[in-house]
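A quick write-up on the structure given underneath.
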Amino acid sequence: VSTTRFVAVLGPPAVGKSTVTASLVARTGARVFRLREFVRCVRNKPDVNQRLFTTDDPLGWLGDGAVAFMLQAAFLDGQFPESPTVVLENFPGSDVQARLLAIIMDRLAARLDLVELVAPQDVLMARRRMRRVCSTCEPDPLGDPHRPARPGRCDPARCRDCGGELRRRPSDHPVRFAARLSRFHERIPAIRAAAEELALPFHTVDASTDAATCFRHIAKLLGSCGTSACSPLLALTKGVT
Ligand SMILES: [Zn+2]
């Protein structure tokens, strides 16, 4: 099964990217590609040049060379499991990354849709304050679990699934959050422009509504591309209209 469909889920921190990604996975069986997770799969292999992965970026972002290396490893050299649909969560993060991705799409003859989730700043701030993660359900060697946890029905400070204590994401600390937000706003105009130049379908979706409404919009957008590459997503649209 070769990958024929990629969906990039973009947006500012706390807009709901992980929630949308989880819905896409649940409804289509897509696999999720996260750069921060994949880097751990490749960087410790014996013949990998470690210098590629050193970065002095304040948010820990890797350089373009490392990103190009990982995209090649994942999607051209078969190190990421093949799946009819792959969701790229929070990627591409720059216009250069978008261009690298477009090269991969060409090689694979795959379709890439970019979905940008948008919400007013006050909505993002409220979601940041509410957001909790569970380090038991999502053990993370770097100590930075990031998937939304479900608060308990009786005790919202505890995880509904394991009963463990929920906590904030370290990257949701106000200073780091502000840095992530401003980086997103700096970079998204060039990503939009690159998508237009490369003729990549780019969809802007209002994410200030509830998660189900937001997901319905996305399913409709993705289900209407009119090619056979849409089939898993077309099936999904039938379920939600
Ligand atoms: Zn838990």
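The values are calculated or read from the model by the stated rules, or taken from the named source; none is laboratory data. As the structure is a prediction and not an experimental result, all values here were calculated from the model. Methodologically, a virtual Cβ is constructed for each residue, glycine included, from the backbone with ideal geometry; neighbour enumeration extends over all protein chains shown. Quick note on the areas: whole protein, heavy atoms, side chains included, nothing else; ligands and nucleic acids left out. Shrake-Rupley method; radii C 1.70, N 1.55, O 1.52, S 1.80 Å.
Values for this structure:
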item: Some residue of region 116-128 being assigned to a strand (DSSP E or B), modelled with pLDDT of 95 or more and open to solvent by 20 Å² or more (accessible area, probe 1.4 Å); result: yes
item: Selection status of S83, more than 25 Å from T213 (Cβ to Cβ), in a helix (DSSP H, G or I) and among the hydroxyl-bearing types (S, T, Y); result: no
item: Filter result for the condition that a residue is within 16 Å of the ligand (Cβ to nearest atom) and surrounded by 20 or more Cβ atoms within 10 Å (Cβ to Cβ), over C134, C162; result: C134
item: Long-range neighbours under 7 Å by Cβ, at least six apart or interchain, first residue touching a residue at least 60 places away in the same chain (Cβ under 8 Å) within region 158-174, second within 15 Å of the ligand (Cβ to nearest atom); result: D172/R131
item: Qualifying residue in region 90-104 (condition: part of a loop (DSSP other than H, G, I, E, B) and acidic (D, E)); result: no
item: Matching option when the condition is at pLDDT below 95, surrounded by fewer than 16 Cβ atoms within 10 Å (Cβ to Cβ) and touching a strand residue (DSSP E or B) at 6+ places or on another chain (Cβ under 8 Å), among T227, T209; result: T227
item: Subset of region 21-48 (residues that are touching a strand residue (DSSP E or B) at 6+ places or on another chain (Cβ under 9 Å), among the β-branched types (V, I, T) and open to solvent by less than 10 Å² (accessible area, probe 1.4 Å)); result: T21
item: Residue within region 141-150 that is open to solvent by 30 Å² or more (accessible area, probe 1.4 Å), touching a helix residue (DSSP H, G or I) at 6+ places or on another chain (Cβ under 9 Å), under 23 Å from A211 (Cα atoms) and within 14 Å of the ligand (Cβ to nearest atom) present; result: yes
item: Region 37-58, residues that are in a helix (DSSP H, G or I) and either in contact (Cβ under 8 Å) with a residue 24 or more places away in the chain or touching a helix residue (DSSP H, G or I) at 6+ places or on another chain (Cβ under 9 Å) (or both); result: F38, V39, R40, C41, V42, L52, F53
item: Residue within region 184-194 that is more than 16 Å from the ligand (Cβ to nearest atom), at pLDDT 95 or above, among the basic types (K, R) and closer than 19 Å to W61 by Cα present; result: yes
item: Count - residues of region 149-193 that are in contact with a Leu (Cβ under 7 Å, 6 or more places away or on another chain), under 24 Å from P139 (Cβ atoms) and hydrophobic (A, V, I, L, M, F, W, C); result: 3
item: Flag if Q97 is of a type in the set (S, T, N, Q) and more than 24 Å from V25 (Cα to Cα); result: no
item: Those residues of region 168-183 which are open to solvent by 90 Å² or more (accessible area, probe 1.4 Å) and within 16 Å of the ligand (Cβ to nearest atom), in sequence order; result: R168
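For (1) over 13 Å from the mean Cα position of the chain (by Cα); (2) surrounded by 18 or more Cβ atoms within 10 Å (Cβ to Cβ), each residue gets a yes or a no:
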residue	(1), (2)
Q72	yes, no
G78	yes, no
P81	yes, no
V87	no, yes
N90	no, yes
V96	yes, no
I104	yes, yes
D113	no, yes
